[in-house]
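Have a look at the structure below before the remarks.
None of the figures in this text is laboratory data; all of them are computed from the coordinates on show. Owing to the predicted nature of the structure, the values given are computational and were not obtained by experimental measurement. Every residue, glycine as well, gets a Cβ built from its backbone with ideal geometry; the counts of neighbours run over all protein chains shown.
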Amino acid sequence: MDDLIDIEQQTRRWLEDVVIGLNLCPFAAEPNRHGRIRIAVTEAADEESLLAALQEELSLLDSLEESETETTLVAAPFVLDNFDDYNQFFDVIELWLREFGWEGTYQVAGFHPDYCFADTTPDDPGNLTNRSPWPLFHLIREASIDRAVASHPDVDGIPARNIARVSALGPEERRKLFPYLFG
């Protein structure tokens, strides 16, 4: 059980120090400040168990008001440690969202310790924007995305700003912010 608590704490540190601290997601600070970002750690060790855990979390989000829990990060430390397998799993998630009628209500975004954008090399600093301590699944309410997009002056510019921000990090900053990568 201590390991699960450590995983949750590491995920929270990543959220606060990297995602919010570097302003990679300009929409995360407010819900975090108000305790509306849930972090769940699943013990799933295979894809079927992981889907069950994701279903449980989406059902929980369905049952809660957005003012109580806006979004959830699900850490999956015991499954999909290979990035290619993780990335392919999103095809299953898309089908699954349609099957359960959650398409248009929720989106699932991904973060992974070995995240690598298409047409980049694994050591490209831009990949740091989506590198997390564990395979993560970000369950996002579509309504929340719609409000964020409507309120931000330049949503399309966020990825380029994020890549510039993480590319500008010095070696010490990288080791401090990403100890699981640069230990």
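Miscellaneous remarks
- Taking a ≥ b ≥ c as the square roots of the eigenvalues of the Cα gyration tensor, an a/c ratio of 1.5 or more together with a/b larger than b/c marks segment 1-98 as prolate.
- Magnitude of the charge dipole for the chain, about its Cα centre and with charges confined to Cβ atoms of Lys, Arg (+1) and Asp, Glu (-1), is about 900 debye.
- Per-residue HN-Hα couplings for segment 29-45 [Karplus 6.51, -1.76, 1.60; θ = phi - 60°; Hz; x = Gly/Pro]: 4, 5, x, 5, 4, 9, x, 9, 10, 8, 10, 10, 10, 9, 8, 3, 10
- Reducing segment 15-93 and segment 104-183 to their Cα centroids gives an inter-centroid distance of 14 Å.
- Overall form of segment 2-182 per C-alpha gyration tensor (a/c, 1.5; a/b vs b/c): rounded
- Taking amide H positions as modeled 1.01 Å from N, with prolines and chain starts lacking one, no residue 5 or more places away or on another chain lies under 5 Å from T120.
- Taking label positions 7 Å along the Cα-Cβ direction at both N23 and D3, the computed distance is 3.9 nm, reported to one decimal.
- Computed packing ranks the peptides 34-41, 82-89, 118-125 as 34-41, 82-89, 118-125, most packed first, by mean other Cβ atoms within 10 Å.
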